[in-house]
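Everything below concerns the one structure shown next.
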Amino acid sequence: MPSNEVVYLVDDDASVRDALSSLLRANGKLVQMFTSGQDFLGFPREDSCACLILDLRMPGMNGLQVQESIAAQTAIPVIFITGRGDVPSTVTAMKGGAIDFLTKPIDEFTLLTCIEKALEQDRKLRLAALERESLLARYRSLTPREQQVLPLLVRGLLNKQAAGELGITEYTVQIHRGHIMRKMEADSFATLVKLAGKLNLEPSEVS
């Protein structure tokens with residue numbers, strides 16, 4: 001696990017916190033512990049890959065309330081732990097996107113497996129978000145006219161047809177096309193079509 005990845009542990013039971021943190025640290029995990037959901041929500045977390053082990057039943061905010069509050073702020077994979085099975089709570093937690101719902105005493109192998117799954121999910125989500133931001137930045141670097149030309153090209157219109165729709169010359173479309181390919185960092189027209197597809201451009205944007 002990269003050194004900046006964190007496992008957050010929220011449980012009001014000191015014995016549980018100590019046992020789980022010892023297990024995780026022995027397996028090379030960086031752990032930060034909290035005694036309540038309020039403490040965790042108030043903690044200024046770093047912008048790094050992470051997952052959250054969250055006790056279901058705690059004084060003050062319970063685990064489901066903490067999960068709901070987190071979802072309104074950011075995305076972090078959650079693993080619930082509880083002292084006894086609770087089907088309605090399990091259903092609510094899983095619908096809220098929880099990775100798993102484990103019953104105490106926690107099986108060490110199962111917990112470690114869940115943590116790896118959660119961190120891998122967070123890595124993928126963060127990578128996808130970075131790629132999306134990069135793509136949007138490239139799109140925003142296009143001039144307004146280039147943003148009009150792009151959807152016409154990926155719809156399969158010839159340069160002459162795109163020129164006719166926009167009331168410009170075919171040569172001008174050719175120039176814009178070259179600029180678009182360079183700014184979007186597309187090494188082929190097929191790549192440009194793929195990138196444009198990820199942007200979900202609406203026809204109204206080019207009218």
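Every number in this text was worked out from the coordinates using simple rules, so none of it is lab data. Bear in mind that the values here come from a model prediction, so they are computed numbers and not experimental data. Here the Cβ positions follow ideal geometry from the backbone for every residue, glycine too, while neighbour counts run over all protein chains shown.
Only Lys, Arg, Asp and Glu carry charge here, each on its Cβ (+1 for the first two, -1 for the last two); on that basis region 109-181 has a dipole of about 60 debye about its Cα centre. Charge dipole (Cα centre; +1 on Lys/Arg Cβ, -1 on Asp/Glu Cβ; no other charges) of region 1-147 amounts to roughly 500 debye.
Residues considered: I175, I70, I115. Largest GNM mean-square fluctuation over the chain, using C-alpha springs under 10 Å, is found at I175.
Taking the inverse of the mean 1/r over every pair of distinct Cα atoms in region 1-63 gives a Kirkwood hydrodynamic radius of 12.0 Å.
Across region 90-207, the fraction of Cα-Cα pairs farther apart than 17 Å, rounded to a whole number, is 65%.
Between rounded, prolate and oblate, where does region 96-137 land on the alpha carbon gyration tensor, with a ≥ b ≥ c its root eigenvalues, rounded for a/c under 1.5, else prolate if a/b exceeds b/c? Prolate, since a/c reaches 1.5 and a/b exceeds b/c.
Just to be sure I understand the model, the point goes 7 Å from the Cα along the line to the Cβ. What's the resulting T143 to E170 distance in nm? Rounded to a tenth, the inter-label distance reads 2.1 nm. Here is the tail figure for the chain: Cα pairs spaced more than 26 Å apart come to 50 percent of all pairs. Placing unit charges on the Cβ atoms of the charged side chains and taking the dipole of the chain about its Cα centre, the candidate lying farthest along the positive direction among V78, Q148, N27 is Q148. Note on the chain: GNM, Cα springs under 10 Å; of S21, S188, S69, the largest mean-square fluctuation is that of S188.
Cross-link reach is defined here as a Cα-Cα straight distance under 22 Å, omitting same-chain residues fewer than 8 places apart; for K95 the lysines meeting it are K104, K117, K124. Each stretch of four or more DSSP H residues adds -39500 (n - 2.57); spread over every residue of the chain, this sum gives -17500 deg cm²/dmol at 222 nm. Partner lysines whose Cα lies under 25 Å from the Cα of K183, excluding those fewer than 8 positions away in the same chain, are identified as K160, K194, K198. Return the aspartates and glutamates within reach of K29: Cα separation strictly under 13 angstrom, same-chain partners fewer than 8 residues apart disregarded; answer none if there are no such residues. Partners found: E5, E116.
Which of G164, G63, G83 moves most in a GNM of the chain, Cα contacts under 10 Å? Of the options given, G164 has the highest mean-square fluctuation.
Placing unit charges on the Cβ atoms only, positive for Lys and Arg and negative for Asp and Glu, gives region 63-207 a dipole magnitude near 440 debye about its Cα centre.
Placing a label point 7 Å from the Cα of K160 along the Cα-to-Cβ line, the residues of region 172-186 whose backbone N sits under 20 Å from it are 172-178. At a Förster distance of 22 Å, what's the computed FRET efficiency of V193 paired with S134, Cβ-Cβ distance as r, to 0.05? Working from the Cβ atoms, E equals 0.80.
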